[in-house]
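Visitor: Starting off with a structure, shown below.
The values are calculated or read from the model by the stated rules, or taken from the named source; none is laboratory data. A quick note: this is a predicted structure, and the numbers were derived from the prediction, not measured. Neighbour counts run over all protein chains shown; Cβ positions are idealised from the backbone, glycine included. In case anyone asks, the SASA skips ligands and DNA or RNA and just uses the protein heavy atoms, side chains included. Shrake-Rupley method; radii C 1.70, N 1.55, O 1.52, S 1.80 Å.
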Amino acid sequence: MLEVREIDLISKTGFMNDYVSGSCLTEQFFDYTYNDEEKYKKRVDNLLTRSYKREELADYLIGVHTSLEDVDQARTQIEKLRKPNSVVVVGGQQAGLLTGPLYTVYKAMSIIILAKQQEEKLKVPVVPIFWIAGEDHDVDEIRFVYKGKKGSWKKHLYNDTNQASSASSASSLLINKDEMNKWLKELFASFPETAHTTYLWERLATFLDKSTTFVDFFRCVMNWFFGKEGLLLLDAHDPGIRKMEIEYFKKLILEVEHVQNAQQKGAKAFADVGYGEPILTDEHNAHLFLEVEGERKRLDYDRSLFRVKGTETTFSKDQLLTLLQEHPERFSNNVVTRPLMQEWLLPVLAFISGPGELRYWATLKHVFTHFKVKMPPVIPRIQLTFIPPAVQKWLVETRYELEPFLLGTMEELRESWLEEVTEYPVEDVIEQVRGKLLSDHKPLRDLAKEMDPTIAKLSEKNLAIIENQIDFMRKKMKNFVRQSHDHTLAKFTETGFWLAPLNRPQERVFHPILLMNVIGEDGFRRLMSTDMSVNHIHKVVYL
């Protein structure tokens, strides 16, 4: 078993702190409070009063998983979904390359762990579902990972100049196999060669070969990671799903004014308490998108007409409803209506959210209330940092606490250590010499001013040259000091490089293949199946 430690890194002020500590300020934004021990039981009771398209959904998921590995595990979960008392734990993300940052896999872990735990407690079938936001068209957000380069982390971008439109959704975004192969090769070239490297390359090459779109590739990789755990993968922008959602889109179109008003009301209430504005949008946003000539375009609604943003194209409600019946696959949600669509489509026991999602969900209660449905319990996903053995060994030897490194203050720690161990008073002597030189040089400048403006300028230039020379000596002396402590300073830097790359949480910069190259598929599976609490407290895993 891997050793897991919990460290509370949440700021003691702000929305997240208030939410997890059960502050009455946050209660108004949700139907279930985070600390209510009975929330899941109450939620099941509520879900059993509603009906869902279970058979259609199950048939769709069978179709998806038949072409993937571990189909037997998927089938077991899908059959559970057909049962009238089954519920789901859901969470989702865009279809990033190699899944995108590690927090995507931590979200999937959270879904699986919570589903298992609650199935045992509630004695009802609980199905884990990962909602792939295939409609997302922000390609810049999903077409890169970070790679290590000269002791730092740089974006490694997949560029396809042949891509027809960067505004098309990830579900329809075709992969250029040659370009992606090249991208993968360059990424793997930046890895240290380990016993796992070749195997990982072969696996990814197989998935790439099978994939046509970004979502295909994402689905293959996610299924490789979590298929054995029975995680079901639902592409929200699959035409089969869109067909099932026609009646729900119809509600959103017919009652668009209410959606707009409820969203504005919720956002204002959240801001009024002092929590800021997680969704910046205007009152005309219809909170729907429409595909127009292969591009995903926002719809606005004002004065009884829908308008395709940035164009003169308009639709009445009736015209849009006709289009919906004919082409449901052209419609998609935004962050305001996606939670509602999830709620209508799935019997959601709990929604697993990232820190940013939690904030925008908090503005949506009025939208849910308008449609007479309760918001599900919103549960923060697992946040995790893995500690490589060499880093752990150094921290133990030097007795440094982990928290400051996780919070991205490595540089301050390193410089403060250097100051303490430096035996030469470089700064003191430099400042002493500078002060004396300035004072001794003053009569020369004063005399130059009396004599001639040109000579006065030369005297100022002369002083600047002297100061530059002092700075030059300071740099040389400082470099000498740094070089004499090179080994320890490199250890500080390496610890920061792993624990807070780019001074950000590790899970936001690293991708899972980077981790698997270190610990292998078996190590990765051990990490993914380690039993831990799904809560707001940061996890540290010692590899």
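Visitor: Could you let me know the centre-to-centre spacing of region 247-315 and region 456-524, using Cα atoms, in angstrom?
Guide: The two parts, judged by their Cα centres, are 46 Å apart.
Visitor: For region 1-146, evaluate the Debye formula with one uniform point scatterer on each Cα (no solvent term) and list log10 I(q)/I(0) at q = 0.11, 0.19, 0.20, 0.21 Å⁻¹, rounded to two decimals.
Guide: -0.59, -1.37, -1.38, -1.39
Visitor: Ignoring ligands, DNA and RNA, what percent of the 1.4 Å accessible area of region 154-283 is carbon and sulfur?
Guide: Details: 2900 of 5840 Å².
On region 154-283, the fraction of accessible area on carbon and sulfur atoms equals 50 percent.
Visitor: Leaving out same-chain residues fewer than 8 places away, which lysines sit with a Cα under 30 Å from that of K436?
Guide: Within the straight-line cut-off, K436 pairs with K449, K457, K461, K475, K476, K478.
Visitor: A further question follows. Roll a 1.4 angstrom probe over the protein heavy atoms and tell me the percent of accessible area of region 64-153 that is carbon or sulfur. Mind showing how you got there, number by number?
Guide: Numbers: 1550 of 3130 Å².
Reported share for carbon and sulfur atoms: 50 percent.
Visitor: Enumerate the lysines that K297 could reach by cross-link, defined here as Cα to Cα under 25 Å, with residues fewer than 8 away along the same chain left out.
Guide: Partners within reach: K243, K250, K251, K265, K309, K317.
Visitor: Turning to a different aspect of this structure: According to a simple spin-label model (label point 7 Å from Cα along Cα-to-Cβ), what is the distance in nm between E6 and D209?
Guide: It is 4.5 nm.
Visitor: Here's a follow-up. Quick check: from the Cα gyration tensor, does region 455-508 come out rounded (a/c under 1.5), prolate or oblate?
Guide: Judged from the Cα gyration tensor, region 455-508 comes out oblate (a/c at least 1.5, b/c at or above a/b).
Visitor: Given a Förster distance of 41 Å, report the FRET efficiency between V273 and N85 from their Cβ-Cβ distance, rounded to the nearest 0.05.
Guide: Taking R0 as 41 Å, the efficiency between V273 and N85 is 0.65.
Visitor: Report the far tail of the P(r) of the chain, meaning the percent of Cα-Cα pairs longer than 30 Å.
Guide: Details: 85604 of 147153 pairs.
Taking all Cα-Cα pairs of the chain, the fraction more than 30 Å apart is 58 percent.
Visitor: Quick one: accessible area per residue over the chain, 1.4 Å probe, rounded to a whole number of Å²?
Guide: 46
Visitor: In square nanometres and to one decimal, what's the mean projected area of the convex hull around the Cα atoms of region 246-315?
Guide: 5.5
Visitor: Just to confirm the filter: which GluC sites (Glu not before Pro) across region 260-328 are DSSP coil and have at most 13 other Cβ within 10 angstrom of their Cβ?
Guide: Taking region 260-328 and a limit of 13 other Cβ atoms within 10 Å, the loop GluC sites (Glu not before Pro) found are E283, E293, E312.
Visitor: Using the alpha-carbon centroid of each, what span in Å lies between region 1-20 and region 94-163?
Guide: Each part reduced to its Cα centre gives a spacing of 21 Å.
Visitor: What's the ranking of 465-478, 377-390 by average number of surrounding C-beta atoms within 10 Å, highest first?
Guide: Answer by packing, highest mean first, reads 377-390, 465-478.
Visitor: When only DSSP loop residues count, what GluC sites (Glu not before Pro) in region 138-220 have their Cβ near at most 15 other Cβ atoms within 10 Å?
Guide: When the GluC sites (Glu not before Pro) of region 138-220 are filtered for loop state and at most 15 Cβ neighbours within 10 Å, E193 remain.
Visitor: Would you work out what percent of the accessible area of region 1-53, with all protein chains in place, is carbon or sulfur (probe 1.4 Å)?
Guide: 50
Visitor: Using only the Cα atoms, work out Rg/Rh for region 444-543, with Rh taken as the Kirkwood radius, to two decimals.
Guide: 1.42
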